[in-house]
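To keep things clear, I will list the structure first and then write my remarks on it.
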């Protein structure tokens, strides 16, 4: 699959192509490579080139491949285009796929799980590693005519109900097995319970944890009361207690090295790949109810408008009174959960106070002006046989926002404290969007009836106004995704540039050290600053060293996000395999010269309608207007249409649709029973 050829040079705008060595550093949303120039063996920071091919002579272009490319300077401000000419240095020729044994004269085949490899490859009988039909394999692609594949490892089987997460684990290189020495060290440190005068006893406070129904690693517990301080009428005193992971995972220990390597836990629909062994993540560090737990806690005082007045960090031992879920807390607040009346009276009295404090914090968030996206999250519901029962939107409750606001406040306090002490801090930074992205966003929003201020300093409030105005429109999801894509990616860095999306001058992650290594670093820095023990941050951890650590943690976070998204999409595609020939309401989510991308409203499934399946017409692709214009009909971003599913392949994670009007079918609801995957 290729992008458009280079425009022909003309006398009015001569552009001579050049041939240069480039390295692939990223992929766009359609999986086309993005590359940077290489000079004297080193990458240049700019410009970035968009390569117009995914495969070069049977080689799937991969991250860090170096190649010779023909580069064309564009006449406008769009990204320059590059055409791959020759592969100079392959980063890897390994791929993953599903094995199919040969029959008779027909050779065995491997069907790649990467949608960019849109063909099967034959496997010689001498190199099949005794793989059987349906095995999920790691394979090596060798050049040749035709190319040949040799099986390296058999990793699982298609009958495994957790195959999709297994594919992502291997495809994205996520470490998922702990070494024996890690498990032994986790068992050893779990017994650590050194008494210290530096740790305060807060077990008389009725803390509660509020998490999802399936959560097992409880990082944080909360408590609140009305503030009795004179002059702060209507204000609140909050406590956020966070698992004291740094007490168990000491700097430079084996567990510390493993946690750093992983960077974060990865949460799939069917499993969790934890950052720490379960002896820690699900047991001694998890703030379970009715058992004492070591924490790093922060007292927070806010006024009636939610403004943070002061804070105090301490090491403490707490004992959670109850493990609550978001649904239970919401029901209790809505006076719909009579079964929660069995909870201790002090817990029942706590929940209304938590909500009052949350309402104050919401005022501060509104005053500050933040980006509030409303993008539906999908949840896979399995039955007892681990067959997909349904795909449903994950509910967004006030109780979710309550915890979010408490955690944001604690994170703000952590960043503010470390900044005041001039200590290295792993900030969570989010840069403002570039002028180029804002201009591109303005161009797309204009035909939809939205405008952005014509000044260079776009604020979160400017973008949030568009988000709110799009409510109840058919294009709402697309507009929210469009603005989200225009943003820079948040990352970790010791160099503070603030957080654009939250409209904060300083921010750090403090509240989830069981699942994020960045939080452990923040904890250690606070412990060092307050001299709360020997397990803080060593003097060797300089800002320069933090820069490399921050880049690594940003990379592992993105790796996890891609793997989680890939797995969810495969589950949705697997569900859709049972609904071929059914029709659905959809929204156009992308326009390409070769066809249109659609997203189903009911399940969030994403698929493609190629040009030849659209109503017969002559279409012109207007890239800047995001339209495909025909003589009789024009397709544009955000349009609602009915589509019919023609093909679904969960192994390649792809869906093929056509307009229902062309298939002659009417939209219909899902009415087929789920099929067990074999």
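Put simply, the Cα atoms of segment 94-158 extend 28, 28, 17 Å along their principal axes, the longest span coming first.
When only Cα pairs below 8 angstrom with a gap of at least 6 residues are kept, segment 437-590 shows a relative contact order of 18 percent. Roughly speaking, what is the centre-to-centre gap between segment 15-71 and segment 440-485 when only Cα atoms are used, to the nearest Å? When both Cα centres are located, 31 Å separates them. Each peptide among 107-113, 537-543 gets the average number of other Cβ atoms lying within 10 Å of its residues, and from highest to lowest they stand as 107-113, 537-543. Using the Cα coordinates of segment 18-89, the gyration tensor eigenvalues translate into equivalent-ellipsoid semi-axes of 16, 15, 11 Å, sorted from longest to shortest.
Quick check: residue separation of residue 188 and residue 647 times 0.36 nm, minus the Cα distance between them. What number comes out in nm?
Taking residue 188 through residue 647 to full extension adds about 160.0 nm, to one decimal.
What shape does segment 241-362 have by the C-alpha gyration tensor, where a ≥ b ≥ c are the square roots of the eigenvalues, rounded means a/c under 1.5, and otherwise prolate means a/b greater than b/c and oblate the rest? Judged from the Cα gyration tensor, segment 241-362 comes out prolate (a/c at least 1.5, a/b above b/c).
The overall shape of segment 339-403 is oblate: from the C-alpha gyration tensor, with semi-axes ordered a ≥ b ≥ c, the ratio a/c is 1.5 or greater and a/b is no larger than b/c. Estimated from helical segments only, the mean residue ellipticity of the chain at 222 nm is -8000 deg cm²/dmol, where each DSSP H run of four or more residues counts as -39500 (n - 2.57).
Could you work out how far the C-alpha centroid of segment 494-571 sits from that of segment 138-181, in angstrom? Cα centres, segment 494-571 to segment 138-181: 30 Å. Binning the C-alpha pair distances of segment 133-240 at 5 Å intervals from 0 yields a P(r) profile of 2, 7, 8, 9, 12, 12, 9, 7, 7, 7, 6, 4, 3, 3, 1, 1, 0 %, listed from the shortest bin outward.
In segment 94-158, Cα pairs under 8 Å separated by at least six residues give a relative contact order of 33 percent. In whole percents, the pair-distance distribution calculated for the chain from its alpha-carbon pairs, binned every 20 Å from zero, is 15, 47, 33, 5, 0. The Cα atoms of segment 413-494 give a gyration tensor whose axes a ≥ b ≥ c have a/c of 1.5 or more with a/b greater than b/c, which makes the shape prolate. Packing, as the average of other Cβ atoms within 10 Å across residues, places the peptides 154-160, 323-329 in the order 323-329, 154-160, highest first. Quick one: helix 435-445 against the long Cα principal axis of the chain, what's the angle to the nearest 10°, folded into 0 to 90? Relative to the chain, helix 435-445 is tipped by roughly 70 degrees. Looking only at segment 283-425, where both bridge partners belong to it, what percent of the DSSP beta bridges are antiparallel (to the nearest 5)? The antiparallel fraction comes to roughly 95 percent. A simple spin-label model places the labels of residue 539 and residue 442 5.3 nm from each other, with each point 7 Å out along Cα-to-Cβ.
Sorted ascending by nearby beta carbons within 10 Å, beginning with the fewest, 483, 381 become 381, 483. Listing 301, 223 from fewest to most neighbouring C-beta atoms within 10 Å gives 301, 223. The angle separating the long axis of helix 543-576 from the principal Cα axis of greatest extent in the chain is about 60 degrees. Annotation: the residues 302, 81, sorted from fewest to most other C-beta atoms within 10 Å of their own C-beta, follow the order 81, 302. Label positions at residue 21 and residue 552, each projected 7 Å from the Cα along the C-beta direction, are separated by 2.7 nm.
Since every read-out is calculated from the coordinates, none of them should be taken as a lab result. For clarity, every value in this text was computed on a predicted model and none was experimentally measured. Heads up, the Cβs are rebuilt from the backbone with ideal geometry, glycines too, and the neighbour counts pull from every protein chain shown.
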